[in-house]
Structures are given as C-alpha cells and as structure tokens.
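The values are calculated or read from the model by the stated rules, or taken from the named source; none is laboratory data. Everything numeric in this text was worked out from a predicted model, so none of it was measured. Reconstructed Cβ throughout: ideal geometry from the backbone, glycine too, with neighbour counts over all protein chains shown. Calculation scope for accessible area: heavy atoms of the full protein, side chains included, ligands and nucleic acids excluded. Shrake-Rupley method; radii C 1.70, N 1.55, O 1.52, S 1.80 Å.
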Amino acid sequence: MQILGFAKMTLLDYPEHVAATIFTGSCNFRCPFCHNGDLVLHPQDVPIISEEEVLCVLEKRRSLLDGVCITGGEPTLQPDLADFIKKIKQFGYLVKLDTNGYRPDKLAALLEEGLLDYVAMDIKNTKEKYAMTVGVPNLQISNIEKSVQLLLSCDIPYEFRTTAMRELHTLADFQNIGDWIAGAHAYFIQPYRESEQVISPGFHAHSPEELDEIKTTLQPYVKRVELRGIDE
Ligand code: SF4
C-alpha cells in the first residue's frame, strides 16, 4: 500500500463513527477542484508511511476507534488493497472506502469478499459532463455507470456525493444526476471550498439559496439528501 497520509482519529470521515483515515497516493482522475493535489500529481514527493506503522497504531487504538476510512487519491489503484483491508479487519474495525468509482471490477470484488462496511462514491457530474469534470478526455463513462449500479443493488450502507461548483454544475445537472441515481439511500452535496491544495483554484460555491434549491431538486429521487460541510 502506498500510504501517504494517516489521521489517527476523526469524527468527520466515517458517518456516525469514530475513525482513523488512511490516504493513499495516485489517482486516475485529474479533477481540477481536487483538494489533494500532492497525492494526485506528485505522490512520489510525499513521504510514505509504512503499513507496519499504521497497523501498529490501529492495533493499539482498538478501544478508541470504530472504523477506518480509506481515501485518496484513489484507493482502488492499490494492488494490495484487499489484503490490507483484511489486516485491518483482523482488529475488528469497520472499513469505509472512498472511491471515484472508475474501477468497478475492483469495487465488486471488495464487496463480494465482504471487506467493505460503507462506500462513499463521488458522482462528479452528469454523464455528459463527466469527462470534462474529471479532466480525463477519453473517459469511459460505462465504468462509472457500473459502479453506480453496484452500489444501488448492494446491501451495505453507501452514499453518493458531489462537490458542487457554480462553474460546473447547474440545477438541471443535479436533476440529471437525480435521474441517474434514483432510488439511492443517500446523496450528499458538498459545496466547493478553496484551499491551497486545490489543483486549479478559482471555482466558486453556490449560494445558500441555490444549495437549498439543489437539495429540493434531488429529494424526489433519493431517500436522504443532505448538504455537507456547511452550517444549515
Ligand atoms: S477529487 Fe478524487 S477523483 Fe478527483 S483527482 Fe482528486 S482524488 Fe482523484
């Protein structure tokens, strides 16, 4: 595992659980609004944290933590992800995977093996605007479609989520996304926030009124729709 970041305790990354978060390096997307520019663009320049060190901390913190969130970068690019999760699960932890959904076969295998307890998958935009939004001109949208279907039909908790930007997402786009993920358990709208780590700064969040309208637009399609990361 190429582990490039490790948060020993967080209340933010795994819904309703105290968790540690592991950040893997590299990504197969180039979202201009990505907040993990170093992990995506220059993973070779980020010091590697050894698997042994992470596992040692996790073993010691069993009484403090419920679960482990594995995020990135894109964790499904790690060839030994399944083996690593098995090691984590030996300590009794719940495991949450954050993924961009571009490797449906890998996601399917992890689900089939019972290695995941929660999946958060990004829906970057409508199918038509996906390639532009993730910075991959020859994107195969069928990969994302397969992952969406996998989650819609799986029996573990999951969420879809979108980082929303005025420049990339119209209200009609959210209606399209609603059509696409209709019947989903949960969908989170995360307003864009600028930071020093953003790959291409300069995007803007929607206004609070627009965000409320987006939420209302999605509610007929998804059981639970929430705005995340803002004070409502
Ligand atoms: S936002 Fe996620 S999918 Fe996009 S480049 Fe960053 S890590 Fe990869």
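I need the full set of residues from region 1-26 which are in contact (Cβ under 8 Å) with a residue 60 or more places away in the chain, open to solvent by less than 20 Å² (accessible area, probe 1.4 Å) and either closer than 17 Å to S50 by Cβ or over 12 Å from the mean Cα position of the chain (by Cα) (or both), in order please.
Of everything in region 1-26, those that are in contact (Cβ under 8 Å) with a residue 60 or more places away in the chain, open to solvent by less than 20 Å² (accessible area, probe 1.4 Å) and either closer than 17 Å to S50 by Cβ or over 12 Å from the mean Cα position of the chain (by Cα) (or both) turn out to be L4, A19.
Please enumerate the residues belonging to region 38-87 that are outside any strand (DSSP E or B), among the small types (G, A, S) and within 20 Å of A120 (Cα to Cα).
Of everything in region 38-87, those that are outside any strand (DSSP E or B), among the small types (G, A, S) and within 20 Å of A120 (Cα to Cα) turn out to be G72, G73, A82.
Checking the structure you have, find out if any residue of region 138-154 is touching a Lys or Arg at 6+ places or on another chain (Cβ under 6 Å) and either open to solvent by 20 Å² or more (accessible area, probe 1.4 Å) or acidic (D, E) (or both).
For region 138-154, residues touching a Lys or Arg at 6+ places or on another chain (Cβ under 6 Å) and either open to solvent by 20 Å² or more (accessible area, probe 1.4 Å) or acidic (D, E) (or both): present.
Out of the residues in region 67-86 that are at pLDDT 95 or above and in contact with an Asp or Glu (Cβ under 8 Å, 6 or more places away or on another chain), which is nearest to the ligand (Cβ to nearest atom)?
T71
Residues of region 124-143 being within 16 Å of the ligand (Cβ to nearest atom) and either touching a residue at least 60 places away in the same chain (Cβ under 8 Å) or outside any loop (DSSP other than H, G, I, E, B) (or both), which ones?
K124, Y130, A131, M132, T133, V134, G135, V136, I141, N143
Going by what's in this entry, would F29 be described as touching a residue at least 60 places away in the same chain (Cβ under 8 Å), within 16 Å of the ligand (Cβ to nearest atom) and open to solvent by less than 30 Å² (accessible area, probe 1.4 Å)?
It is true that F29 is touching a residue at least 60 places away in the same chain (Cβ under 8 Å), within 16 Å of the ligand (Cβ to nearest atom) and open to solvent by less than 30 Å² (accessible area, probe 1.4 Å).
Please state which one of V119, V68, V40 is touching a Gly at 6+ places or on another chain (Cβ under 8 Å) and among the aliphatic types (A, V, I, L, M).
V40
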